[in-house]
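Remarks on the structure that follows.
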Amino acid sequence: MNAVPPSTSGQVPLLPAVEIETGPNPVCSVIWLHGLGADGHDFEPVVGALELHDLPPIRFVFPHAPPRPVTINGGYVMRAWYDIVSADFSQRREDPKGVHESAAQIEALIARENARGVPDSNIVLAGFSQGGAIALHVGLRRQTPLAGIMALSTYVPLADTLADELQEASRTTPVFMAHGRDDGVIPCDFGRKSCELLRSHRLAVEWHDYPADHTVTMDELQDIEAWLHTLPFAGKATR
């Protein structure tokens, strides 16, 4: 495990991140974004929980979101990918400026993986809750598609701009969405509506739900593992 300090890529500062490699000279990357108030260490344990030995070497990148005030938490400063301005799921709740800033920072991390020899076609963008929202926002607006998007316990942010900003190339990107049916933070029905929205735009979305709250379950990890094995890079493992 390596802790990567912040640096710069062009004009966008690179976020600090924790990195775990499953083998030498990784040819694939999973950039995994944490939820509100957590940090990049939150999902480190999933690497050991996933059976990955028959996949090519993967670099897992767990960036730390920058601290910012969060309106629904009384302005308390915490790590967040964007401000949440409303608890009401019937209206826009995310701050567009924060979403766009985080999108640029994630694009900088993708560019760094490219510079390290990992093409977009071998990069999975993953996230939980708020991190999953950013994964969807970034992954669906790229002119060069990624290997896949993994969106856990989350929803499509800035949904009213998706139709205009969705890139045709990104329609080919496999999307994995999963949600706890008893989620009290982001209701499962809200996540399901986001899935239906993506499918209405002809995206191939694999949906799973579980008897759980706002968390990732062992059954979910098994489904994630199975999904990773369906991606094109899975056939590039050396045996």
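The values are calculated or read from the model by the stated rules, or taken from the named source; none is laboratory data. Please read these numbers as outputs of a predicted model, since none were measured by experiment. Cβ placement follows ideal geometry from the backbone for every residue including glycine, while neighbour counts extend to all protein chains displayed. Quick note on the areas: whole protein, heavy atoms, side chains included, nothing else; ligands and nucleic acids left out. Shrake-Rupley method; radii C 1.70, N 1.55, O 1.52, S 1.80 Å.
Residues that are in contact with a Lys or Arg (Cβ under 8 Å, 6 or more places away or on another chain), part of a helix (DSSP H, G or I) and touching a residue at least 40 places away in the same chain (Cβ under 8 Å) within the range 108-121 comprise just one, 113. When the range 182-206 is filtered for residues that are in contact with a helix residue (DSSP H, G or I) (Cβ under 8 Å, 6 or more places away or on another chain), among the charged types (D, E, K, R) and open to solvent by 20 Å² or more (accessible area, probe 1.4 Å), the ones remaining, listed by number, are 182, 202, 206. The number of residues in the range 161-182 that are in contact with a Ser or Thr (Cβ under 6 Å, 6 or more places away or on another chain) and of a type in the set (D, E, K, R) comes to 0. Applying the criterion of at least 1 residues that are open to solvent by less than 10 Å² (accessible area, probe 1.4 Å) and touching an Asp or Glu at 6+ places or on another chain (Cβ under 8 Å) to the strands (runs of 3 or more DSSP E) found wholly in the range 35-87 leaves 58-63, 67-70.
If you check 77, 27, 85, 47 for being farther than 16 Å from residue 132 by Cβ, of a type in the set (Val, Ile, Thr), free of Cβ contacts under 8 Å to residues at least 40 places away in the same chain and out of contact with any strand residue (DSSP E or B) (no Cβ under 6 Å at 6 or more places or on another chain), only one passes: 85. When the range 24-34 is limited to residues that are under 18 Å from the mean Cα position of the chain (by Cα) and either of a type in the set (A, V, I, L, M) or in a helix (DSSP H, G or I) (or both), the one that is surrounded by the fewest Cβ atoms within 10 Å (Cβ to Cβ) turns out to be 31. Contact map, the range 173-198: residues that are basic (Lys, Arg) paired with residues that are assigned to a loop (DSSP other than H, G, I, E, B), Cβ distance under 6 Å, separation 6+ or inter-chain. Pairs shown: 181/211.
Yes/no per residue for (1) among the aliphatic types (A, V, I, L, M); (2) out of contact with any helix residue (DSSP H, G or I) (no Cβ under 9 Å at 6 or more places or on another chain); (3) open to solvent by less than 70 Å² (accessible area, probe 1.4 Å):
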site: 138; (1), (2), (3): yes, no, yes
site: 145; (1), (2), (3): no, no, yes
site: 162; (1), (2), (3): yes, no, yes
site: 169; (1), (2), (3): yes, yes, yes
site: 180; (1), (2), (3): no, no, yes
site: 208; (1), (2), (3): no, no, yes
site: 215; (1), (2), (3): no, yes, yes
